[in-house]
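J.: I'd like to ask you about the structure that follows.
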């Protein structure tokens, strides 16, 4: 090979390497930074805090019935308990029947049970509507993202750029795998058990549920937006989508907020009987 030919080949190699480095740098720059400092947290920024927001169009989540809107504490109005709108077309008949039993209890004056009152895991996508005021924190690593909900210290592990495992055994949080698409973190979750609810209206699901979440920063990084898409042919007639938003809080460290199993009889009846282990320790 002549000296000129070697120079051309060498220049081509350097150009290709530079282009690859440039593309990699651009890709890294697009990755959203959900934790620019260790004390960055995200607090629910929604009208009711622990409800989903409906999508701009298409099937959406279960909401309150129109004649009985949900009003949480601390809003200056008389708080109310949730009565689910079971006319939502996403719901299978068996889900409607189950949810109407819960609605009847509320109409009869009982307090509805939601997951956090039993110290149970919230599951997916219920994890991100688990709390109305406590923040969530993101820990971003090269191959993993960890999301911590301060309330009851609920933790999710999202493994990046890997496929789902085969023959998953259903569990509380299933298996979440993720990747970045431009400025969004996309999380795909399967392998969930059927012991959780998808929201605080106690909307049930089966172990066939499949959830995709897309997290991105909006409003100049002041707001975190999550778009959730849920499909479960066992519980829903069609896939549906919901939106969640959190506002950024700085200089707010992660506090220990453990759940104490003392809710049995808290409301005067066994609204959420806690699991008991009668096995002796010794």
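The values are calculated or read from the model by the stated rules, or taken from the named source; none is laboratory data. Remember, predicted model here, so these are calculated numbers, not experimental data. All Cβ positions, glycine included, derive from the backbone under ideal geometry; neighbour counts span all protein chains shown.
J.: Can you name every residue in the stretch 223-282 that is within 30 Å of residue 38 (Cβ to Cβ), at pLDDT 85 or above and assigned to a loop (DSSP other than H, G, I, E, B)?
T.: Residue satisfying the conditions is 250 alone.
J.: Checking residue 70 against (1) more than 18 Å from residue 244 (Cα to Cα); (2) at pLDDT 85 or above, only one condition comes out false. Which one?
T.: (1)
J.: Between a residue in the stretch 231-256 that is free of Cβ contacts under 8 Å to residues at least 60 places away in the same chain and assigned by TED's automatic domain parsing to the domain that holds residue 124 and any residue that is surrounded by 13 or more Cβ atoms within 10 Å (Cβ to Cβ) and part of a loop (DSSP other than H, G, I, E, B), which pairs come within a Cβ distance under 6 Å, given they are 6 or more apart or on different chains?
T.: The qualifying pairs are 231/239; 232/205; 232/206; 232/208; 232/209.
J.: Here's a follow-up. Testing residue 95 on (1) part of a helix (DSSP H, G or I); (2) within 24 Å of residue 244 (Cα to Cα); (3) modelled with pLDDT under 95, one condition comes back false. Which one is that?
T.: Residue 95 satisfies all of (1) part of a helix (DSSP H, G or I); (2) within 24 Å of residue 244 (Cα to Cα); (3) modelled with pLDDT under 95 except (3).
J.: Go through the residues of the stretch 46-69 one by one and say whether even a single one is over 24 Å from the mean Cα position of the chain (by Cα) and surrounded by 15 or more Cβ atoms within 10 Å (Cβ to Cβ).
T.: Keep residues of the stretch 46-69 that are over 24 Å from the mean Cα position of the chain (by Cα), which gives 66-68.
Those left that are additionally surrounded by 15 or more Cβ atoms within 10 Å (Cβ to Cβ): 68.
Checked the stretch 46-69: at least one residue is over 24 Å from the mean Cα position of the chain (by Cα) and surrounded by 15 or more Cβ atoms within 10 Å (Cβ to Cβ).
J.: Return only the number of the condition from (1) more than 23 Å from residue 208 (Cα to Cα); (2) out of contact with any strand residue (DSSP E or B) (no Cβ under 8 Å at 6 or more places or on another chain) that residue 132 does not satisfy.
T.: (2)
J.: Just give me the residues in the stretch 118-133 being buried (at least 16 other Cβ atoms within 10 Å of the Cβ) and more than 23 Å from residue 206 (Cβ to Cβ), in sequence order.
T.: 119, 131, 132
J.: Is it true that residue 123 is under 28 Å from residue 98 (Cβ atoms) and either within 11 Å of the chain's Cα centre (by Cα) or assigned to a strand (DSSP E or B) (or both)?
T.: yes
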